[in-house]
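Please read the structure below before turning to the comments.
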Amino acid sequence: MNIANFYPGPSRIYSCIPEFIYEAYMSGILSANHRSDEFMKLMDETKSILRSKLLIPADYEIAFTSSATESWEIVSQSLVAKGSCHFYNGAFGKKWHGYANQLKKTSKVEFGVNDELPVAQVSDELDVICVTQNETSNGTEVSNEILKKLREINADKIIAVDVTSSIGGVKIHFENADYWYASVQKCLGLPAGLGVVILSPKAIEKAFEIGERGHYNSLISIIENTRKNQTQYTPNVLGIFLLNKSQGVSKGISPLHEKLVRRVGHYASVIQDLKGVDYLVRNESVRSKTVLALTHDDPDAVRAQASDAGIILGAGYGDWKSSSFRIANFPAIKTKEINKLQGFLEQNFQ
């Protein structure tokens with residue numbers, strides 16, 4: 001039985017990945033020293049491809065880490081001088097705040113799953129604002145427009161944004177923040193094990209102003225190395241190679257964004273007729289385009305039924321663990337797999 005994987009990360013990888021893994025092996029890049037000309041050429045080319053395909057501003061720097069979670073630590077140790085303010089409505093934003101609170105002074109602004117992020121001026125006692133743009137635990141997102149307003153009203157602050165469940169799937173306006181971070185195992189359609197960081201000139205200036213150099217992943221070291229097309233520690237060369245090749249054949253973020261929006265519409269037309277299944281997020285304007293969270297009286301039973309039909313669904317998470325299940329809407333998922341899932345839902349819940 002062919003398994004259709006809708007788990008919200010790690011999820012389905014692009015079908016071209018096995019071919020690219022073989023190409024990496026045959027090219028010899030996997031044995032290359034990460035200070036070598038071969039690796040530096042790969043990194044330079046990968047950053048250029050990402051800039052083109054994801055529409056990253058020319059003056060923003062791109063670097064690689066081990067994961068998105070590592071970025072929590074990098075923000076607190078290398079960009080926070082006074083303290084950080086965390087806006088969140090779900091489990092992953094809450095985790096980020098909890099981790100940061102162990103390192104530096106923090107405050108928090110919690111809001112509901114049906115509410116837009118409450119744009120507010122942050123205290124002068126805090127110098128970094130942290131936002132989870134796509135909250136995987138409950139299927140919500142913060143729009144580009146809201147992030148723009150948040151930036152305008154807090155022009156003196158550094159804004160750091162978690163885009164782990166959206167980068168590579170939805171169009172992001174990078175000029176609205178300073179420190180963007182993600183992992184590659186969701187909309188980028190790759191195996192887990194690589195993080196991406198995107199830095200504004202303002203963030204780079206702040207890092208050097210603070211001057212923190214006491215950790216293996218201090219942001220200054222990351223910046224100095226990526227400017228040389230190197231990394232501060234031995235990198236995931238295969239992950240960078242696969243990112244290079246998969247984005248190289250990508251049509252670009254605009255058509256991918258449009259594809260996911262169309263799929264969201266198709267899902268809505270199915271879900272509105274289901275019995276016992278509904279959206280966790282009633283406010284359509286704040287629903288994620290890449291992670292659907294659906295409610296049911298017995299979500300574990302739904303997932304078990306789906307598993308019997310060759311479909312992997314994501315469990316509920318955090319406060320919604322016992323009342324919801326989740327569906328990834330990532331670009332690598334095939335149309336025939338979506339048709340299979342929608343047929344399953346119609347057959348069992350109408």
Residues satisfying the stated conditions in region 58-91, i.e. more than 17 Å from Lys108 (Cα to Cα), hydroxyl-bearing (Ser, Thr, Tyr) and over 19 Å from the mean Cα position of the chain (by Cα)
Ser78
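Is it true that some residue in region 155-164 is among the small types (Gly, Ala, Ser) and farther than 26 Å from Tyr25 by Cβ?
Yes, the conditions are met somewhere in region 155-164.
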Among the residues of region 285-302, the number that are over 20 Å from the mean Cα position of the chain (by Cα) and surrounded by fewer than 21 Cβ atoms within 10 Å (Cβ to Cβ) is 6
Has region 168-190 got at least one residue that is modelled with pLDDT of 95 or more, more than 17 Å from the chain's Cα centre (by Cα), among the hydrophobic types (A, V, I, L, M, F, W, C) and closer than 28 Å to Leu55 by Cα?
no
Can you tell me how many residues in region 140-166 are touching a residue at least 60 places away in the same chain (Cβ under 8 Å) and out of contact with any strand residue (DSSP E or B) (no Cβ under 9 Å at 6 or more places or on another chain)?
1
Top-ranked residue in region 324-350 [being open to solvent by 40 Å² or more (accessible area, probe 1.4 Å) and under 19 Å from Leu274 (Cα atoms); ranked as modelled with the lowest pLDDT]
Gln350
Just checking, which of Ile29, Ile13 is in contact (Cβ under 8 Å) with a residue 12 or more places away in the chain, closer than 30 Å to Gln305 by Cβ, surrounded by 19 or more Cβ atoms within 10 Å (Cβ to Cβ) and of a type outside the set (Gly, Ala, Ser)?
Ile13
Take Gly169 and tell me if it is touching a His at 6+ places or on another chain (Cβ under 8 Å), touching a residue at least 12 places away in the same chain (Cβ under 8 Å), within 18 Å of Pro8 (Cβ to Cβ) and crowded, with 24+ Cβ neighbours inside 10 Å.
yes
Find all pairs meeting these conditions: Cβ atoms under 6 angstrom apart; at least six residues apart or on different chains; first residue within region 56-75 and under 23 Å from His34 (Cα atoms); second residue open to solvent by 30 Å² or more (accessible area, probe 1.4 Å).
none
Out of (1) of a type in the set (Gly, Ala, Ser); (2) more than 24 Å from the chain's Cα centre (by Cα); (3) assigned to a strand (DSSP E or B), what's the single condition that is false for Ser269?
(3)
Selection from region 194-233 of residues more than 18 Å from Ala68 (Cβ to Cβ) and modelled with pLDDT under 95 yields none
Residues of region 17-37 that turn out to be touching a Phe, Trp or Tyr at 6+ places or on another chain (Cβ under 6 Å) and of a type in the set (Ser, Thr, Tyr), as a count:
0
Scan region 252-266 and tell me whether some residue there is outside any helix (DSSP H, G or I) and more than 21 Å from the chain's Cα centre (by Cα).
no
Specify the residue that is least open to solvent (accessible area, probe 1.4 Å); the eligible residues are those in region 241-282 that are touching a residue at least 40 places away in the same chain (Cβ under 8 Å) and basic (Lys, Arg).
Arg263
Yes or no: region 127-139 includes at least one residue that is open to solvent by 20 Å² or more (accessible area, probe 1.4 Å), touching a residue at least 12 places away in the same chain (Cβ under 8 Å), over 11 Å from Ala177 (Cβ atoms) and small (Gly, Ala, Ser).
no
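The values are calculated or read from the model by the stated rules, or taken from the named source; none is laboratory data. The model shown is predicted, which means the values in this text are computed figures rather than measured ones. So basically every Cβ, Gly included, is an ideal-geometry build from the backbone, and we count neighbours across all protein chains shown. We work out accessible area using only protein heavy atoms, side chains counted, and drop any ligands, DNA or RNA first. Shrake-Rupley method; radii C 1.70, N 1.55, O 1.52, S 1.80 Å.
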